[in-house]
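What follows is a single structure, written as structure tokens, with notes after it.
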Amino acid sequence: MSVATGPLTNIIVTNITQAPQVVVVTPVATATPIPTVAPVLNPVLDIAPFHSIQLFWLNTIPLWAILAFIIGAYWVWYNLGWWRKCGALAPCYGYKDALMASGSNVQQTIVFTKSRKWFIRLLTYHSEGILYFNDLLRTDMWHMGSSSAVGKLGGLPAAITKDSIDEVVDPVSDIALCKVCDDFIHGRFGDQQNMKRASQETKLLTFNRPDGSECDFITAAREGLIPDTIRDFDDYVKLRPILERIWPDGIKIPCYCFYDPYDSDKFMPKNRSPSLFGGLLLKKARDLAADNIPDLSFWDRNGVAMILVLGGLIILGASYLASR
Amino acid sequence: MTEDTDQISEKEKPVEKFLTPEKIILIVGVIGILVIFGIISLMKWSLVDQPFFGGIFNTAFWGTPLYVFFIPVALLMYFVAWAYWAHLRWDMMAPFHGLYVAMTSHSDVIFKTDLNLNFILKSEAGACLVFEKDRYNALVEHKYKFLTGISKKLKPVDQSTDFAKFLQGSWETKPVVNIGSVPSSILLDANGWTKDVSPERAAIAKECDIHNDLSPDDQIHSLAKAWKYMDEGKIPTPVNVKLYVDVPWVRIDNSYSSSRNPAAWGGFLRQLAETLAARAASGGLNMTWAGIIVFVACIGISALMFVMKILAHTPVK
């Protein structure tokens, strides 16, 4: 080993004689380094509001992510609020359907179910009938006897139906029916003068016996052709001419009163539910279709399809020949 | 206080408390937000140690970090949500908005009609009260106006009916059906007593006022009770007020005819039969549509042939 001092630097250079060593060089594949671009951090939006909180990853969440979460969470809350708000109107969505539907057969219908629920449905009206025309699995159908039973709701015509009767319901008629039956049952026939007049006029009425012969009021009452009171619709029908003699100007109902759609059920025709009415009509319609509407022939069913296929093949062949 | 009013439960008494649950939530919320922002403002601001999500959202696109593009996306999301709910679901249902008000204020609604069956949904106050509801709501004013304003904002409940029920001591309405979760009564108002401007109701209100002054223990606040008292002669019926309307027999006969002729719905039956027959015929694979599909496919393939021919064409030099 020799020691020498450099002329300029005074650095002592030690020259160490080393024994020759065998160096094994392993060839290493040197890949071209991928140029990495460091993401640019925004001085405002990338600050970490929870920087000092070393819980979970709170210290790594930037301000923009927190803002985005708040905006997203509020969007969900916003939609839930609307959902709840509009959900309150769900029973009335039939109105919206009727508003958007077109055609003369569109019928907005207010439904009173036996479970005492009220909602609106869009049904189809056709030739005195209201039904679910596009859903024939639902057999409920109602007979629309007169236009006086159809009112308006939200600017659209609205009929009222119930599960217990296959007629479109007129609330005013219902109230009047209940009133006249109650008045008759409880003997409220008006003042003495009215009772006297009604008595005289009733005696002039004639009634039909089951064999077709006629009899007067007293005989009919004696023979039990007319009931003493009104228990159901049949009794009402039998007494209907007498009721009109007692109250010839119609039925007086309170101008301001509450209506219970189920009150009149006791005076309504029995066994006339909308599902029965619809079921019978569907059965008749199937029979009518089987008897009177002929099946289409093979050419009726497939003729158009065959012409189209033939035309298509001709076009294809011609194109092939032209483009060859 | 009379015996009648004593029988009313505490729940029904219209007592205006200052600290309602809504107000407590608001106060706690405001304090909480102030505390959070206070803590954040006291913290030392510094950038994140490492880019969020590996810096995916910090990648510059057109010289702007990707997360900035969330702003138009968020705006679009809010616009679409608003357009869907407000226009397609809410605005179109305008005649029924009262249902939501009734649901939030836990009150009933009245489904009102006249003789021509013009139906409308009304609040209980609008359909039942003799007097204007402002007359009752004036009683719930706070000492300070701003408290009244906050109270009405937080809980926009019309308390007039509660007051009227309390003062009258009994009530006639009984909900007979439910519209969703809202109990509903059905009312026939043939002479328009419940219209916003009604000379009849004004005349009845005058008589009721006189009666209430003379008999404070038997007050009248509902139109149903007023009708009953007028009918019984307990209060005079004003000249312009009619208590009854006539329903002609033909109207009942039309609604409930004693016999129905099946011929009446012959056309309906025929239409139904044709619908059934058409459905039976169109069941399964519709050959006409299959033919249309084949035809269109042939046209498409032909067009493709010509396109390929044009593309493969080499001009002759």
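The values are calculated or read from the model by the stated rules, or taken from the named source; none is laboratory data. What you are looking at is a predicted structure, and each value in this text was computed from that prediction instead of being measured. Note that each Cβ is placed from the backbone with ideal geometry, even for glycine, and that neighbours are counted across all protein chains shown.
Looking only at residues of region A:118-138 that are among the charged types (D, E, K, R) and surrounded by 15 or more Cβ atoms within 10 Å (Cβ to Cβ), we find that the one that is nearest to the other protein chains (Cβ to nearest Cβ) is A:Glu128.
Looking only at residues in region B:230-245 that are over 14 Å from B:Ala203 (Cα atoms) and within 12 Å of chain A (Cβ to nearest Cβ), the one that is surrounded by the most Cβ atoms within 10 Å (Cβ to Cβ) is B:Val245.
Have a look at B:Arg270, B:Arg260 and point out the one that is under 24 Å from A:Asp265 (Cβ atoms), more than 39 Å from the chain's Cα centre (by Cα) and either of a type in the set (D, E, K, R) or not in a loop (DSSP other than H, G, I, E, B) (or both). Of the residues listed, the single one that is under 24 Å from A:Asp265 (Cβ atoms), more than 39 Å from the chain's Cα centre (by Cα) and either of a type in the set (D, E, K, R) or not in a loop (DSSP other than H, G, I, E, B) (or both) is B:Arg260. The residue that is nearest to A:Ile253 (Cα to Cα), among those in region A:139-188 that are among the β-branched types (Val, Ile, Thr) and more than 9 Å from every other protein chain (Cβ to nearest Cβ), is A:Ile185.
B:Asp114: more than 10 Å from chain A (Cβ to nearest Cβ) and in contact with an Asp or Glu (Cβ under 9 Å, 6 or more places away or on another chain), yes or no? Spell out how you get there, then give the answer.
Numbers: more than 10 Å from chain A (Cβ to nearest Cβ): no; in contact with an Asp or Glu (Cβ under 9 Å, 6 or more places away or on another chain): yes.
No.
Residue-level analysis places A:Lys283 outside the set of residues that are more than 9 Å from every other protein chain (Cβ to nearest Cβ) and not in a helix (DSSP H, G or I).
Among the residues of region B:231-254, the one identified as closer than 16 Å to B:Ile210 by Cα and either charged (D, E, K, R) or assigned to a helix (DSSP H, G or I) (or both) is B:Lys234.
Is one or more of the residues making up region A:289-301 within 9 Å of chain B (Cβ to nearest Cβ) and within 28 Å of A:Thr113 (Cβ to Cβ)? No. Here the condition is being over 42 Å from the mean Cα position of the chain (by Cα) and not acidic (Asp, Glu); of A:Pro269, A:Pro254, A:Pro274, A:Pro248, it holds for A:Pro248 alone.
Under the condition of being touching a helix residue (DSSP H, G or I) at 6+ places or on another chain (Cβ under 6 Å) and closer than 30 Å to A:Leu205 by Cα, the residues counted in region A:251-267 number 4. Taken over region A:286-300, residues that are outside any helix (DSSP H, G or I) and modelled with pLDDT of 85 or more amount to 0. Looking across region B:76-97 at every residue that is more than 20 Å from A:Asp97 (Cβ to Cβ) and more than 7 Å from chain A (Cβ to nearest Cβ), the one that is nearest to the chain's Cα centre (by Cα) is identified as B:Trp82.
When B:Leu117, B:Leu47 are screened for being more than 17 Å from the chain's Cα centre (by Cα) and buried (at least 19 other Cβ atoms within 10 Å of the Cβ), only B:Leu117 passes. The condition of being at pLDDT 90 or above, facing another protein chain (nearest Cβ under 8 Å) and closer than 23 Å to A:Cys181 by Cβ holds for B:Ile186.
Within region A:307-324, the set of residues being surrounded by 13 or more Cβ atoms within 10 Å (Cβ to Cβ) and facing another protein chain (nearest Cβ under 7 Å) comprises A:Leu308, A:Val309, A:Gly311, A:Gly312, A:Leu313, A:Ile315, A:Leu316, A:Ser319, A:Ser323. If you filter region A:216-250 down to residues that are surrounded by 12 or more Cβ atoms within 10 Å (Cβ to Cβ) and touching an Asp or Glu at 6+ places or on another chain (Cβ under 7 Å), you find that the one that is nearest to the other protein chains (Cβ to nearest Cβ) is A:Gly250.
Only a single item in (1) surrounded by 17 or more Cβ atoms within 10 Å (Cβ to Cβ); (2) modelled with pLDDT of 85 or more; (3) farther than 23 Å from B:Leu26 by Cα; (4) under 17 Å from the mean Cα position of the chain (by Cα) is not met by B:Tyr100, and it is number (3).
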